[in-house]
Amino acid sequence: MFLRLAVALLVLCCLGQRPHAQPAPALPESAQAVGWKTAREAVAIERRIDALIARMTLPEKVGQLVLTGRGDGFDIRRIRDGLIGGVMNFVVPREVREVQEAVRASRLKIPLIIGLDAVHGFSTYFPLPLGQAATFNPALIEEAAYWTGREASAAGVNWTFAPMVDMSRDPRWGRGLEGAGEDPYYASVVAAARTRGYQRGGVAATVKHFVGYGAAEAGRDYNSTWIPTSQLHDLHLPPFRAAFEAGSMTAMAAFNALNGMPATAHRGMLTELLRDRWKFKGFVVSDFGSITELRLHGIAADDAEAARKALLAGIDMDMMSEVYHKHLAREVAAGRVPMAALNEAVRRVLRVKFHLGLFGRPDVDVAAAPALMQTQAARDVALKAAQESVILLRNAGDILPIRDSVRSVAVIGAMAVPEDERVWTDPAGLGRRVVQPLPDALRERLPTGATVRYQPAFTKACGTEFSDKAAAIDAAAASDMIVAMLGEDCEFMGEGASRTQLGLPGVQQELLEALVATGKPVVLVLATGRPLVLTWASEKVAAIVQTFHGGTEGRTAIADVLTGKVNPSGRTPMSFPRSVGQIPVYYNQLPTGRPQQIRQRYESIFMDEANDALYPFGFGLSYSRFSYANARVARGSVAVNGTIEVMVDVANTGTRDGQEVAQLYIRQPVASRSRPLRELKAFEKVLLRAGETKTLLFRLDAAQLGAHDDEGRYSVDAGLVEIWLGGSSRADLKTQVMLTKS
Ligand code: NOJ
């Protein structure tokens, strides 16, 4: 009890939330925290699994490996027959209850695992994961995952297909919006936070997509990936490892082929690495239909072979292919799949179900669910997450926050009103998605007497077609300032939405140019799922405010930032390219033998474009100014297994309180292999009052500063380590430490 109270107080204090007068509704059992049980309980669970497997028929065993979905073709009788282990996409508590009741009519009454893409919300929506990553506030990200899990679990869901931890250095890939960006250290921190949050909220996490999905060639979704072993270990695997260490109970295999072997049949990854080396005890689910897709990858002649290859590689559960259902029993009976391999997969699924506490748990409490949706506490977190996810990319002449002298603001763009908010799940009548339109939120916050004129300009929020362009220009020309809320065509975001052009959709760019031509200052507020190429805008508009679809409270948060009620503190989790031809552009590049020096031919440059990002990783402006001084290390030399202590003084030299994301980057200039020019190794989001200076202490575990070789062996080299401190990956205050052999 004391521990719970302490945790609650800690969460309130760290998130700066106010306590609520209303008592929170009691949590039903389905919405309690889940996770791996103790080693002692685990021993007892294995015995129960032995006993259960001994009673199962071959079809019942295969049934545990089948994941089927709500919708056309769903047949509840299969649950009664014991032929289904999990269901997905059930969001209505009454329907969840029906499938749970069907389980009780089955012979062995093995509970279902009930999965859903509860990614950045269920009823209350938080910013897109990439937007959450922009907060650089892991405690807040964990809370967003917690509320997502808690609302989903209150509706009877017990498994979320999240977090997606795929690294993303290519904004052409639409799926980057579900991840945490380009940096492996930061993505690992976020992966762990999200895993903890979901499971604390009551749903098993699924770390996905194992592995390399974000490296799709040319950013074309589902395309092949070619990843050298050293890069696989240094860049792509760390966030998975972090999620497993945080307790992720399941994993999802990726759609793509990794170095020529489809991830769904990759025994080296799924078994040798994940189970044998990392000792992962949970189960692996395929991605949607990816087992049957092994035929199209060209490694299986038919579905029977696909099923066999997937199972033997280490895929325990078949999401929606139905090929385990159709072929696995025959493959086992014919001896092509050993019974022991089938039993092992069944064991992993049952293990997760036991550790989740599904056996003996009451069915979803249909009556209790609605009161647990969109609670004030969840919305407080949604608002804070949305506020902190806003990145101020440009603010020429300190045009923001909107000054009192501004008497009229034109809000242009249908994106400013919320009806097309991007959501993954329909919360099925469980809660209202009340989202405040930006014009209303601005009206509330601007001084009395200020006018806000709203013109949508487009037929719908993700504007691809004009409704009344002229009215928009007239409203803009008649106002002191223009807030243009624009963004991507929503069909161009997320899974299966790769792009070769990264500008605004044509009509939106056309509108933006017309708004700029009015001569009135333009604040461009972007709602996108990826970094766009903003080179034109960065020269023509006064301010750029980047948001990644902020969720339920997104527009309220934008108004808070525009009016200065909130000082922006978001930072870019991915580099913003100057042009598509630069991609992949990321801060943690390796050096070349021909670095750019005077920008001439035969240096590693583009003839027609700069090398660096328009807005680099870790960048974001504030209404305050921060300065760094006195970077120093406690000891100038440290053993490779020791701890490096780095200190720096960070000052807010501005006139407003503000949060700074202090970042620490390293480089080893001479090592056994080329090492990146910069690598983030620590960061801290810190509140500094106007005029305040704080000394920050970073403790680095020297053992974490190494790298992998071509065989996947990890080592830390002795030698000099340069250390930079500052507010982005371009940090320029430097200190250093000498690593010595232990
Ligand atoms: C395909 C996606 O790749 C995966 O991440 C998701 O969980 C499934 N569809 C289920 O919706």
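Calculate log10 I(q)/I(0) of the chain for q = 0.07 Å⁻¹, where I(q) comes from the Debye formula with a single equal point scatterer on each Cα and nothing for solvent.
Here log10 of I(q) over I(0) equals -0.50.
I need the per residue convex hull volume for the range 463-538, using only the alpha carbons, in cubic angstrom as a whole number.
So the per-residue hull volume is 82 Å³.
What would the Debye equation give as log₁₀ I(q)/I(0) for the range 618-671 at q = 0.17, 0.28, 0.30 Å⁻¹, counting only Cα atoms as equal point scatterers?
For the range 618-671, the Cα-only Debye profile gives -0.71, -1.21, -1.29.
From the alpha carbon gyration tensor of the range 389-582, can you work out the equivalent ellipsoid semi-axes (sqrt of 5 times each eigenvalue) and give them in Å, largest to smallest?
23, 20, 17
Could you work out the local net charge near S569, counting Lys and Arg as +1, Asp and Glu as -1, over the other residues with Cβ closer than 9 Å to its Cβ?
Result for the neighbourhood of S569: 0.
How much net charge surrounds G202 when only the other residues with a Cβ under 12 Å from the Cβ of G202 are counted, with Lys and Arg +1 and Asp and Glu -1?
Details: positive: R150, R200, R361; negative: E29, E151.
Net charge around G202: +1.
Please work out, to two decimal places, the log10 of the ratio I(q)/I(0) at q = 0.13, 0.23, 0.26 Å⁻¹ from a Debye calculation in which every Cα of the range 55-126 carries one identical scatterer.
-0.38, -0.98, -1.19
Below 8 Å, C-alpha to C-alpha, sequence gap of six or more: please give me the relative contact order for the chain in percent. The partial results should precede the final answer.
Details: 1837 pairs, mean separation 97.9, N = 742.
The value is 13 percent.
Find, among the trypsin sites (Lys or Arg not before Pro) in the range 261-351, those assigned to loop by DSSP (not H, G, I, E, B) with at most 10 other beta-carbon atoms within 10 angstrom.
K279
Take the chain, mark every one of the GluC sites (Glu not before Pro) that falls in a DSSP loop and has at most 16 other Cβ within 10 Å, then report the longest stretch left between them, sites excluded.
Here the longest run is 1-418.
Pick out, in residue order, every one of the trypsin sites (Lys or Arg not before Pro) in the range 106-156 that is DSSP loop and has at most 15 other C-beta atoms within 10 Å; say none if there are none.
Counting only loop positions with at most 15 other Cβ atoms within 10 Å, the trypsin sites (Lys or Arg not before Pro) in the range 106-156 are R107, K109.
Normalised by the residues of the range 626-740, what does the relative contact order come to in percent, with Cα pairs under 8 Å and at least six apart?
So the answer I get is 35 percent.
P(r) for the range 498-632, please, calculated from all Cα pair distances in 10 Å bins and given in %.
Computed distribution, short to long bins: 10, 33, 34, 18, 5, 0.
Averaged over all directions, how much area does the convex hull of the C-alpha atoms of the range 626-740 cover when projected, in nm²?
Numbers: hull surface 27.2 nm².
That works out to 6.8 nm², a quarter of the Cα hull's surface.
Using θ = phi - 60° and the Karplus relation 6.51 cos²θ - 1.76 cosθ + 1.60, list the HN-Hα couplings for the range 708-713 in order, rounded to whole Hz, with x at every Gly or Pro.
Values per residue, Gly and Pro as x: 9, 9, 5, 9, x, 8 Hz.
Measure nothing fancy, just the Cα-based angle from helix 339-356's long axis to the longest principal axis of the chain, in degrees from 0 to 90, nearest 10.
Approximately 60 degrees, to the nearest ten.
Do me a favour and compute the ellipsoid semi-axes for the range 156-283 from its Cα gyration tensor, root of five times each eigenvalue, largest one first, whole Å.
Ellipsoid half-lengths, sorted descending, are 21, 17, 13 Å.
Just to check, using Stokes-Einstein with a Kirkwood Rh over alpha carbon pairs, what's the diffusion coefficient of the range 247-290 at 37 °C and 0.692 mPa s in µm²/s?
306
Computed from the coordinates by the stated procedures, all read-outs in this text should not be read as laboratory data. Being a predicted model, the structure only gives us computed values, none of them experimental. Ideal geometry is used to build each Cβ from the backbone, glycine not excepted, and the neighbour counts take in all protein chains shown.
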